[in-house]
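Input: a single structure, listed below in structure tokens.
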Amino acid sequence: MGREIALNLADTIAAAQDWWREAGVDQHFLDDPQCLLAEPEAEAKAVPAAATQPPAPQPATPKLPKIGGPREDWPGDLGAFRQWWLEEPSLDEGGSFPRIAPTGEAGAKLLVLVPMPEAEDREVLLTATQGRLIANMARAMGFSPQDLYLASALPRHMPMPDWQALGQSGLGALIGHHIALAEPQRCIVMGRDLHALLSENGPAPILPTYSPASLLANARLRADLWRRWLDWEYSPR
């Protein structure tokens, strides 16, 4: 047997350090993050002071202005509403696209509500691809152009609208007011964001469906709308 060498505490610590150094560990690591730039005394004084400070007050959430202004100022006549829709400043914040009025007569057999005018619309609502889709859809459902009332939730085309903020501003109530003035027999609301804004106890029966853009892009959604329309058309009300 080899001879055992007795080591004192200092030799033991030095040997352990040599062992770790030969293993490639030559740094001291801590699990907790450390501030390497602060002076030790300043850091020690700063921690208690920060801990005793009360939390900063949160800024109040700004109240969104009501779209369309006070409800008592909304027109009570459909003809006046159409003109107001084109002129009332509080309805939107402006933009490069023109405002477009709804089309059709009060008491229409079917009101079709879309999110906004198409980007190509200039004087008449739904004159491009979405309009052709809706015209073909209405024809297949048995409606003539004179049977339709076409409306949009927004007065002008707006890229990427914030529907949640618009809902908080009262857009749903304004849409409901518009539908009540138009007095349609039935409504198709095109867009889940729009349907979420409307009350279930609206002025006319509503069939919610996908937005025109989604229907154009997906044949399965169009087929689903047709099946749901047939169920709605022939179901007792």
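Laid out as a table, the results:
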read-out: Residues of segment 135-162 classified as in a helix (DSSP H, G or I) and surrounded by fewer than 19 Cβ atoms within 10 Å (Cβ to Cβ), total; value: 7
read-out: Qualifying residue in segment 136-147 (condition: in contact (Cβ under 8 Å) with a residue 40 or more places away in the chain and touching a Ser or Thr at 6+ places or on another chain (Cβ under 9 Å)); value: no
read-out: Residue 101 assigned to a loop (DSSP other than H, G, I, E, B) and in contact with an Asp or Glu (Cβ under 6 Å, 6 or more places away or on another chain); value: no
read-out: Matching residues, segment 193-205, being more than 21 Å from the chain's Cα centre (by Cα) and surrounded by 14 or more Cβ atoms within 10 Å (Cβ to Cβ); value: 202, 203, 204
read-out: Filter result for residue 65 (part of a loop (DSSP other than H, G, I, E, B), crowded, with 20+ Cβ neighbours inside 10 Å and touching a residue at least 40 places away in the same chain (Cβ under 8 Å)); value: no
read-out: Residue satisfying condition, being of a type in the set (Gly, Ala, Ser) and either more than 22 Å from residue 213 (Cα to Cα) or touching a helix residue (DSSP H, G or I) at 6+ places or on another chain (Cβ under 6 Å) (or both), within set 119, 128, 108; value: 108
read-out: Of all residues making up segment 193-227, the number that are touching a strand residue (DSSP E or B) at 6+ places or on another chain (Cβ under 7 Å) and assigned to a helix (DSSP H, G or I); value: 4
read-out: Pick from segment 152-201, criterion free of Cβ contacts under 8 Å to residues at least 24 places away in the same chain and aliphatic (A, V, I, L, M), ranking: nearest to residue 133 (Cα to Cα); value: 160
read-out: Filtered residues of segment 178-192 (kept if surrounded by 17 or more Cβ atoms within 10 Å (Cβ to Cβ) and in a helix (DSSP H, G or I)); value: 178, 179, 181, 182
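Any read-out appearing in this document is the output of simple, stated calculations on the displayed coordinates, not a laboratory observation. Given the structure is predicted, the values throughout are model-derived calculations rather than measurements. Backbone-built Cβ (ideal geometry, glycine too); neighbour counts: all protein chains shown.
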